[in-house]
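Enquirer: Right, I'll just put the structure down here and ask away after.
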Amino acid sequence: MSTIHACGRPNCDKDGLKRCSGCAKVWYCGQECQRWDWVAHIFHCNPGRPITTADHLALAVDRNFLPEDEQTCADYGFTRAFTPQNQGMLLGLYIGLIEHMGTKPKTVHRWRVQGTLIKEIKATLSKLPEGARGGYYPWFLEHQYVLDQSKAPPASPQELADAAVKRAWVFTGGSSAASMAEILEAEHSEGKDRSSCYQLYRTLLSGWHPSPSMSLWVSFGFCATKTMEEEEDLGVRYMTLIHSCTFDEFCTAYESGSLPTLFRSKDQPLPDQRVIDLLSNHISHPSVWNLKQFILQVEQNPNLRPPRSVSCDYGFMNCTSSVQTQDLINAYKCYFEHAKSDPLELHQAAIKGELAQYVGTFVVLKPRKKFVALMKNPYPLREY
């Protein structure tokens, strides 16, 4: 009897008919799914050419996340964009260039190597009717310094960072006359939870919301959203909330696990029960949220190591080689990308000691014996 393989494209429920010729590990139902998945699969395949920072950029575009690879950030202007607003606008520019205009990563890489990236971006996006360019292209025309090393930025990164700190400090009721040293000392002296609230306010007031690279992404519930749209909606709800309550109210609610109640009292009820549950007990949240955060981060930061709780609960402690670690990462990545995945069900499977059995209903684990060993954990705990 021949083995039935699942299509390697996340959320595709068709059988895989043809195997990737590069790695011979992943199957696809057809060329369309293979092309769609290539932006992520290239990092786990044998592409026959060096992987470039343009490939990392394309992955960031596909995920709608800022790139975390340092060289990619330097090559494509994110390092010099400095602020979350400018970095978001730059990402939007590349989404238009790569996703909507169909510019291939190898073409973007060639432009950068040849020193014509700015010129080609202008030539490509200027083909659009003026009314269809959105706000990203006009922004770029005024911020070309992000890609042009010969142009000085209007302010240094430190000046912009200080301005963000000062803006949040004044918004939360602090004195505008306070020095940076006084502000930072006051923030850190008020405890970890209150300091986290300051960081959230700085991020929101800078026109952004926490990303998976920040601990705030978990502690303020963004990890529990199902889609990027829901994540952005939660950011909007937080922005509305901080303009309708005092900072002390917000901090007290966060510390006591009553943020959902505060949202409701300000006519901003949270629609997702998973977010509500996490915010009600953010200190001892299920480790699956840290696993989700790790899987999203490690794709662009391969040297990242899982937190201790994730290593113990989800089997990374069993890995004795980088290959085994990557196999486990790929399995969990495919699980999270599956349309019917539920992180809390995954967590329940972990504490029952049934990870391989559960994940195997969503992802093809082959050879199964290897994954049973890798996903073994100390659970279920013995009862005394």
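The values are calculated or read from the model by the stated rules, or taken from the named source; none is laboratory data. Everything numeric in this text was worked out from a predicted model, so none of it was measured. Using ideal geometry, Cβ is built from the backbone for each residue, glycine included, and neighbour counts are taken over all protein chains shown. Surface accessibility is based on the protein's heavy atoms, side chains included, excluding ligands, DNA and RNA. Shrake-Rupley method; radii C 1.70, N 1.55, O 1.52, S 1.80 Å.
Enquirer: For all pairs of alpha-carbon atoms in region 131-258, what percent lies in each bin of width 5 Å, listed from the first bin to the last filled one?
Expert: 2, 9, 16, 19, 18, 15, 11, 7, 3, 1, 0
Enquirer: Using a 1.4 Å probe and ignoring any ligands, DNA or RNA, find the accessible area of Met180 and quote it in Å² to the nearest 10.
Expert: Number for this one is 50 Å².
Enquirer: Continuing with this model, one more query. Expected output is a single nm value to one decimal: the length gained when fully extending between Gln31 and Ser309, i.e. 0.36 nm times separation in residues minus the C-alpha distance. What is it?
Expert: On the way: separation 278, 0.36 × 278 = 100.08 nm, distance 3.91 nm.
Fully extending the segment from Gln31 to Ser309 adds 96.2 nm.
Enquirer: Using θ = phi - 60° and the Karplus form 6.51 cos²θ - 1.76 cosθ + 1.60, what ³J(HN,Hα) does each residue of region 123-139 get, whole Hz, x for Gly and Pro?
Expert: Values, residue by residue: 5, 6, 6, 6, 6, 6, x, 3, x, 9, 7, x, x, 6, 5, x, 4 Hz.
Enquirer: What number do you get for region 62-160 when its Cα radius of gyration is normalised by 2.2 N^0.38 Å, N = residues?
Expert: Compared with the compact-globule rule of thumb, region 62-160 sits at 1.03.
Enquirer: Here is a further query. For Ser322 and Glu130, what is the calculated FRET efficiency with R₀ set at 41 Å and r taken between the beta-carbons, to the nearest 0.05?
Expert: 0.25
Enquirer: Pick out which of Val108, Val170, Val372 has the largest mean-square fluctuation in a Gaussian network model of the chain, springs linking Cα atoms closer than 10 Å.
Expert: Highest fluctuation of the listed residues: Val170.
Enquirer: Which entries in the list Lys25/Lys292; Lys119/Lys340; Lys104/Lys333 go over 32 Å, if you measure between the two C-alpha atoms of each? Present the calculation step by step, with values, prior to reporting the outcome.
Expert: Details: Lys25/Lys292 23 Å; Lys119/Lys340 44 Å; Lys104/Lys333 24 Å.
Table pairs above 32 Å Cα-Cα are Lys119/Lys340.
Enquirer: Give me the one-decimal nm value for the distance between modelled label points at Ala163 and Glu337, 7 Å along each residue's Cα-to-Cβ direction.
Expert: 3.8
Enquirer: Which of the listed residues, Pro269, Gly131, Val39, is farthest toward the dipole's positive end in the chain, when Lys, Arg count +1 and Asp, Glu count -1 at the beta-carbon?
Expert: Val39
Enquirer: Taking 25 Å as R0, compute the FRET efficiency from the Cβ-Cβ separation of Asp13 and Lys376 and round it to 0.05. Before the final figure, lay out the partial values.
Expert: Numbers: r = 29 Å, r/R0 = 1.15.
After rounding to 0.05, the efficiency reads 0.30.
Enquirer: In percent, how large is the relative contact order of region 1-85, given Cα pairs closer than 8 Å and 6 or more residues apart? Provide the component values of the computation, followed by the final result.
Expert: Numbers: 88 pairs, mean separation 14.9, N = 85.
Here the relative contact order equals 18 percent.
Enquirer: As an exercise, take the mean of 1/r over every pair of distinct alpha carbons in the chain, invert it, and state the Kirkwood radius in angstroms. List each step's numbers first, then the result.
Expert: Values: mean 1/r = 0.0433 Å⁻¹.
Taking every pair of different Cα atoms in the chain, averaging 1/r and inverting gives 23.1 Å.
Enquirer: Using a Gaussian network for the chain with springs between C-alpha atoms less than 10 Å apart, which of these wobbles most: Ile276, Ile329, Ile351?
Expert: Answer for the Gaussian network model of the chain: Ile351.
Enquirer: Summarise the accessible area of region 268-384 (1.4 Å probe, protein heavy atoms) by the percent that is carbon and sulfur.
Expert: Details: 3350 of 6290 Å².
Accessible surface attributable to carbon and sulfur in region 268-384 totals 53 percent.
Enquirer: Relative contact order for region 129-213: what is it in percent, counting Cα pairs under 8 Å that are at least 6 residues apart? Mind showing how you got there, number by number?
Expert: Values: 33 pairs, mean separation 18.2, N = 85.
Relative contact order, region 129-213: 21 percent.
Enquirer: Roughly how many Å is it from the Cα centre of region 313-338 to that of region 27-97, as a whole number?
Expert: Their Cα centres are 22 Å away from one another.
Enquirer: Can you give me the relative contact order of region 232-378 as a percent, contacts being Cα pairs under 8 Å and 6 or more apart? Write out the running numbers ahead of the final one.
Expert: Working: 120 pairs, mean separation 28.5, N = 147.
Relative contact order here is 19 percent.
Enquirer: Can you give me the long-range amide H partners of Gly16? Hydrogens built in the peptide plane at 1.01 Å from N, cutoff under 5 Å, separation of 5 or more residues or another chain.
Expert: Result for Gly16 returns His5, Ala6, Cys7.
Enquirer: I'd like the Kirkwood hydrodynamic radius of region 1-130, using the inverse of the mean 1/r over distinct C-alpha pairs, in Å.
Expert: On the way: mean 1/r = 0.0618 Å⁻¹.
The Cα-based Kirkwood calculation yields 16.2 Å.
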